[in-house]
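J.: Shown below is the structure under consideration.
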Amino acid sequence: MPSLESWFTKTTASLLPNPLAKRFDMRQRRRSLAIAALRCVAHGWPVLPGAWWSAEHQRYICDIPGCLTAGLHPAAAEVPRTSHPTNLGKYALTTRRGVIDTWRRRAYTILIPTGIGCDVVELPREYIHTTLADTHVDRCGAPTAVFDDSVYLFAAPSRQLETVPDLAHSRFVIHKAGSWVPIPPALTPDSQASWLRNPSKVGWRLPETATLLAEINRAQIA
Ligand SMILES: [Zn+2]
């Protein structure tokens, strides 16, 4: 059953003339993004504003003057334009005020710089029904998001000296310090990003990265 709030939002939007409805819709989107970003910050996951998908332009766009990057990317002008900028945490938002001021401006995609509040294991979406459905992988209880063609599993940030096993599968990626991943809610070229297991459902508890990787590897080998 739809919540009263979503019913109200939909009904109100449908009653407004088109340009106004669009503006209302955008305000709602920025609001839900801000709420999601605030939850992250409150649980020790710094956030970065990212470019957003434009159906009109059929590419990701941002508000950095002269930016030509068409893929998803950090939309903070000071972040170096390299594929793996180091010290991403330096540019990330960690305060309530910072999040509110940022998402008041635009419907930025929420990016999580990894290696700070969490590490992330990325799998191609097609492994949802094999690796992800494996009982032992599932039992790790990792928060899990689907974004476009990828699935992201969130784990505790690995400590510097910790031995983390390599992934047995070449198409699986571990995002650690110097990387980032997007999280829901967000529009993607094909659909809407969503949580398969929301961090709040598991009390923001994260499995150890090494444990999760070992189970993913085992599921692949089994
Ligand atoms: Zn840009």
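J.: For residue 176, go through the aspartates and glutamates and keep the ones whose alpha-carbon is under 19 Å away, minus same-chain ones fewer than eight residues off.
T.: Output for residue 176: 119, 122, 162, 166, 208, 215.
J.: Next question, about the same structure. Are there DSSP H segments in the chain that both extend 30 Å or more along their axis (alpha-carbon positions) and score a mean Kyte-Doolittle hydropathy of at least -0.5? List them, or say none.
T.: Passing helices, by number: 18-42.
J.: Sort region 4-221 into rounded, prolate or oblate with this rule: let a ≥ b ≥ c be the square roots of the eigenvalues of the Cα gyration tensor; rounded if a/c is under 1.5, and if a/c is not under 1.5, prolate when a/b is larger than b/c, oblate otherwise.
T.: Values: a/c = 1.84, a/b = 1.50, b/c = 1.22.
Prolate shape, in that a/c is at least 1.5 and a/b is the bigger ratio.
J.: Does region 156-222 come out rounded, prolate or oblate, given a ≥ b ≥ c as the square roots of the eigenvalues of its C-alpha gyration tensor, rounded meaning a/c under 1.5 and, failing that, prolate meaning a/b above b/c? Let's see the in-between values first.
T.: Working: a/c = 1.69, a/b = 1.47, b/c = 1.15.
It comes out prolate by the Cα gyration axes.
J.: What dipole magnitude, in Debye to the nearest 20, does the chain give about its Cα centre under +1 on Lys/Arg Cβ and -1 on Asp/Glu Cβ? Write down the numbers at each step before the final one.
T.: Values: 25 positive and 18 negative charges, 193 e Å.
Around 920 debye, computed over the chain.
J.: If you average the sequence gap of Cα pairs under 8 Å that are 6 or more apart and divide by the length of region 85-171, what percent do you get for the contact order?
T.: 29 percent.
J.: Using the per-residue mean of other Cβ atoms lying within 10 Å as a proxy for protection, in what order, highest first, do the peptides 208-216, 187-195, 88-96, 31-39 fall?
T.: Numbers: 208-216: 20.7, 187-195: 14.3, 88-96: 16.9, 31-39: 18.6.
Highest mean packing first, the order is 208-216, 31-39, 88-96, 187-195.
J.: If the cut-off is a Cα-Cα distance under 15 Å, which aspartates and glutamates reach residue 201, setting aside same-chain residues fewer than 8 apart in sequence?
T.: Output for residue 201: 138.
J.: Using Cα pairs closer than 8 Å and at least 6 residues apart in sequence, work out the relative contact order for region 12-153, in percent. Write down the numbers at each step before the final one.
T.: Working: 168 pairs, mean separation 35.8, N = 142.
The normalised contact order for region 12-153 reaches 25 percent.
J.: Sticking with this one: On each of the three principal axes of the Cα atoms of region 105-169, give max minus min coordinate, whole Å, ordered largest first.
T.: So the three principal-axis extents are 42, 33, 20 Å.
J.: Let me ask you something else. Mind ordering 135-148, 66-79 by average Cβ neighbours within 10 Å, highest first?
T.: On the way: 135-148: 18.8, 66-79: 15.1.
Descending packing order for the listed peptides: 135-148, 66-79.
J.: With point charges of +1 on the Cβ of Lys and Arg and -1 on the Cβ of Asp and Glu, referenced to the Cα centre of the chain, which listed residue (48, 133, 211) lies farthest in the positive direction of the dipole?
T.: 48
J.: Once every DSSP H run of n ≥ 4 in the chain is given -39500 (n - 2.57) and the sum is divided by its residues, what mean residue ellipticity at 222 nm do you get, rounded to the nearest 500 deg cm²/dmol?
T.: When only DSSP H runs of four or more count, the value is -9500 deg cm²/dmol.
J.: Right, here's the next one. Bin width 5 Å, alpha-carbon pairs only: give the P(r) of region 56-140 as whole percents, running from 0 to the bin holding the largest distance.
T.: 2, 10, 17, 19, 17, 13, 11, 8, 2, 0
Coordinate-derived values only; no laboratory data. All figures in this text were calculated on a predicted structure; none of them were measured in a lab. A quick note on method: Cβ atoms are made from the backbone with ideal geometry, for glycine too, and the neighbour counts reach across all protein chains shown.
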